[in-house]
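Heads up, the thing below is written out as structure tokens.
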Amino acid sequence: MTALTWRLNREEGGQVIVLVAVLMAGLVAVVGLVTDGGLVFTQKRDLQNVADAAALAGAMQIDQDAYRASGGASVVLDEAAAYQAAVEYLRAEGGLDYSVLTRPGRVEVSVSRRASTGFLRVVGINSVDISASARAEPRHGVASAGP
């Protein structure tokens, strides 16, 4: 009986290596997803900052004549200047697909681009499409005294 037991133990000797290899591949995949998820999230946040800044650049373009004529009581967006300011900001960033829409009371900006990946390139995913949008309105003075 000892010969039979010894033979069965000898035949199962390499099973741990296969299990470790499978688990290691799974661990690397999870680490890759977490790393790439963080990388894409950071790029999305940066893209949102660009959209916000472009919308604010446009919203700062007010009609000076209307503002002065009202004695500072009325803030009216200069739509042509707002469009131009937002587009110039986005062009300076480069590498973006964007759209800028100006309306009488606001500027709307939508941007998109491809975010690069790191670990996911191993499985053929080189980039991910990300997008962001922002809307801004012209303001003047202090809106409220609260925190």
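The values are calculated or read from the model by the stated rules, or taken from the named source; none is laboratory data. Keep in mind that what you see is a predicted model, and the values were worked out from it rather than measured. Because the Cβ atoms are built from the backbone with ideal geometry, glycine has one as well, and the counts that use them run over all protein chains shown.
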(request) Could you look through the range 91-106, keep only residues that are of a type outside the set (D, E, K, R) and part of a strand (DSSP E or B), and pick out the one that is surrounded by the most Cβ atoms within 10 Å (Cβ to Cβ)? (result) THR102
(request) Kindly check whether there is at least one residue in the range 25-36 that is in a helix (DSSP H, G or I), acidic (Asp, Glu), more than 15 Å from VAL100 (Cα to Cα) and modelled with pLDDT of 90 or more. (result) no
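When you scan the range 54-83, how many residues do you find that are β-branched (Val, Ile, Thr) and either without any contact (Cβ under 8 Å) to a residue 40 or more places away in the chain or surrounded by fewer than 18 Cβ atoms within 10 Å (Cβ to Cβ) (or both)?
The total comes to 2.
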(request) Return yes when ALA51 is crowded, with 17+ Cβ neighbours inside 10 Å, closer than 28 Å to THR117 by Cα and small (Gly, Ala, Ser) and no when it is not. (result) yes
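What tally of residues in the range 39-78 results from selecting those that are in a loop (DSSP other than H, G, I, E, B), of a type in the set (Ser, Thr, Tyr) and at pLDDT 85 or above?
Going through the range 39-78 one residue at a time, the tally reaches 0.
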(request) Please work out which one of (1) in contact with a strand residue (DSSP E or B) (Cβ under 9 Å, 6 or more places away or on another chain); (2) under 17 Å from SER133 (Cα atoms) is the condition VAL75 fails and give its number. (result) (2)
(request) Only residues that are part of a strand (DSSP E or B) and over 30 Å from LEU77 (Cβ atoms): list them for the range 107-141, please. (result) ARG114, ALA115, SER116, SER127, VAL128, ASP129
(request) Please specify each residue of the range 42-76 satisfying the condition of being among the hydrophobic types (A, V, I, L, M, F, W, C) and under 28 Å from the mean Cα position of the chain (by Cα). (result) LEU47, VAL50, ALA51, ALA53, ALA54, ALA55, LEU56, ALA57, ALA59, MET60
